[in-house]
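Q: Below is a structure I'd like to ask you about.
The values are calculated or read from the model by the stated rules, or taken from the named source; none is laboratory data. Given the structure is predicted, the values throughout are model-derived calculations rather than measurements. Counting neighbours? That spans all protein chains shown, and the Cβs are built from the backbone with ideal geometry, glycine included.
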2 protein chains.
Amino acid sequence: MPAIELLVRMLSRRDVLSEAERQRIHALPFREKLFAKGESIVVSHTEPQESCLLLSGIAGREIILEDGGRQITALQVAGDFVDLHGLVLKRMDHGVLALTDCQVANVAHGELIKLGEDMPHLMRLFWLSTLIDGAIQRNWTASMGRRNALSQLAHLLCELYLRLEVVGLAKDGQMRLHLSQLVLADVLGLSAVHVNRTLQSLRRQGLVEWLGSDVTIRDFDKLAELSDFDQTYLNLIRLPR
Amino acid sequence: MPAIELLVRMLSRRDVLSEAERQRIHALPFREKLFAKGESIVVSHTEPQESCLLLSGIAGREIILEDGGRQITALQVAGDFVDLHGLVLKRMDHGVLALTDCQVANVAHGELIKLGEDMPHLMRLFWLSTLIDGAIQRNWTASMGRRNALSQLAHLLCELYLRLEVVGLAKDGQMRLHLSQLVLADVLGLSAVHVNRTLQSLRRQGLVEWLGSDVTIRDFDKLAELSDFDQTYLNLIRLPR
DNA sequence: CGTCAGATTGATATTCATCAAGATCGGTGG
DNA sequence: CCACCGATCTTGATGAATATCAATCTGACG
């Protein structure tokens, strides 16, 4: 599968692509690049000239506070067009970090702008991709503000499961999440210790198994109920946009 | 000032608009509408056919949880293009509520799409507007996750001050925020009681005065320092986008 | 075999929520 | 003009959720 096909797949999940659009996307020139776990994919406060499509691995947007505290504000998985933001925002207000080894395809901003001007519908779909990020973000905000640690973690697992399923990386309740509890803590805004105890609670209730990086959702429905999960926000519907 | 001029002003703060673009925006047909405090501007899970530009007042995006808890995930002020989301996302995953009396200008989606197709640069600026919303959201996430109530509130006040200043609604440290502490609590993900005590602390430190709906920032720099505020994310820079 | 990152555990400290009771304030009807 | 009303703000007391600190344990890997 050519790298860029993942993008077609992600967009096709949300709208119908014409043959011409498909071809233009496949014609996009890109540079493949590898990042080891812990490396910065995009550095905060810089002005990137390319946008990167995540081909494999998990990346996180991070905001580092003055006191050294870190908040991961988003998780990106394969198929996500990480950093379309830079295309329009220019100067990054946050960094993107490889949370596992990551493979990305870099596409020059100029190419994307040209593509968008030629095919407004595709530009709207790129826009859509960032809006879905926004919708996810809103739901994280709701989780952090109004859910307890248990529901918050459960909600995150439901979300990640569905997102990975879309790109074929989750099935039958199973997925790989190579994330340490410390990273999870920075995602949820909790302490690592509390994440540990919260996870144990999910395990004790028989809802989740988490061995190394292999996660098994034992009972998605119960998990969804526990966390008041409503998947509307993931926009997993094919609509004319 | 014609209602739609606010939009021109908001965009001009981020990029240069050509005369042609200006004219096309002014030619946009719109319907003005009033919402009383407490009314829904956009109802969750519906599919709006128009996008609304907020002309005056304050609106909030809200997510209601099963247990009745509410999280306000964003505040919108005059000049904000509330609900451009609906244009591309179609089905709303959240509602927009008038937190004060609000005056809005509704523009049909069809008109916006046409405008965007004719003028790709304008479409990018609409996109930009939603990306700035996203950047703000990210920073709220960081605040909720990693800042204590005091810093979080201080951070919010710095942000609102700058955003209102852009549209001429804040000056010399003063702004009007007709928001109850209960609303503030739902914004910050705290209890109303705790918001009250946190506010008192800001007052005691001589950083903020809050009388009725008149807010005075006594010392913006200290407030910014206290909350580790970095305005990069508001994108208050005129750049070719 | 030693090392190191990550997971786990227990004890204690903080922050924040909850509950319940006044105090205040702006607006409204008589 | 005044009395009253509901909404909002304020305060105190108590409890729950989560953070912090400090060990210990585990498993992968050179």
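Q: Which fully enclosed strands (runs of 3 or more DSSP E) of the stretch A:34-74 have 2 or more residues being surrounded by 24 or more Cβ atoms within 10 Å (Cβ to Cβ) and modelled with pLDDT of 95 or more?
A: Filter on the stretch A:34-74 gives A:50-56, A:59-64.
Q: Which one of these is hydrophobic (A, V, I, L, M, F, W, C) and either over 21 Å from B:M10 (Cβ atoms) or within 9 Å of another protein chain (Cβ to nearest Cβ) (or both): B:L112, B:L153, B:L162, B:L122?
A: B:L153
Q: Let me ask something else about it. Please work out which residue is farthest from DNA strand D (Cβ to nearest atom), limiting yourself to the stretch A:193-205 and to residues that are surrounded by fewer than 20 Cβ atoms within 10 Å (Cβ to Cβ) and of a type in the set (A, V, I, L, M).
A: A:L199
Q: Okay, moving on. Exactly one of (1) under 25 Å from B:I136 (Cα atoms); (2) out of contact with any Phe, Trp or Tyr (no Cβ under 7 Å at 6 or more places or on another chain); (3) assigned to a loop (DSSP other than H, G, I, E, B) is unmet by A:R14. Its number?
A: Condition not satisfied by A:R14: (1).
Q: Within the stretch B:206-241, restricting attention to residues that are within 20 Å of B:I58 (Cα to Cα) and small (G, A, S), which residue is surrounded by the most Cβ atoms within 10 Å (Cβ to Cβ)?
A: B:S213
Q: Among the numbered criteria (1) at positive phi; (2) away from DNA strand C (no atom under 13 Å from the Cβ); (3) in contact with a helix residue (DSSP H, G or I) (Cβ under 9 Å, 6 or more places away or on another chain), which single criterion is violated by B:D172?
A: (3)
Q: While we're looking at this one, here's another question. Restricting attention to the stretch A:193-236, and to residues there that are assigned to a loop (DSSP other than H, G, I, E, B) and more than 20 Å from the chain's Cα centre (by Cα), which single residue is nearest to the other protein chains (Cβ to nearest Cβ)?
A: Ranking the candidates gives A:D228 first.
Q: Against the condition farther than 24 Å from B:A78 by Cα, small (G, A, S) and touching a residue at least 40 places away in the same chain (Cβ under 8 Å), how does B:S191 come out, does it pass?
A: Criteria not met by B:S191.
Q: Restricting to the stretch B:42-63, name every residue that is over 21 Å from B:L156 (Cβ atoms), out of contact with any Asp or Glu (no Cβ under 7 Å at 6 or more places or on another chain) and among the β-branched types (V, I, T).
A: Within the stretch B:42-63, B:V43, B:T46 meet the criteria.
Q: Have a look at A:L115, A:L75 and point out the one that is touching a residue at least 12 places away in the same chain (Cβ under 8 Å), out of contact with any Asp or Glu (no Cβ under 8 Å at 6 or more places or on another chain) and over 23 Å from A:T141 (Cβ atoms).
A: Just one listed residue meets the conditions, A:L115.
Q: Within the stretch B:180-221, which residues are at pLDDT below 95, near DNA strand C (Cβ under 9 Å from one of its atoms) and not aliphatic (A, V, I, L, M)?
A: B:G212
Q: Suppose we filter the stretch B:173-192 for residues that are more than 14 Å from the chain's Cα centre (by Cα), away from DNA strand D (no atom under 11 Å from the Cβ) and among the aliphatic types (A, V, I, L, M); how many remain?
A: 3
Q: Would you mind finding the one in B:V96, B:V82, B:V88 that is within 14 Å of chain A (Cβ to nearest Cβ) and over 14 Å from the mean Cα position of the chain (by Cα)?
A: B:V88
Q: May I ask you to say which residue of A:Q152, A:Q137 is more than 16 Å from DNA strand C (Cβ to nearest atom), polar (S, T, N, Q) and modelled with pLDDT of 95 or more?
A: A:Q137
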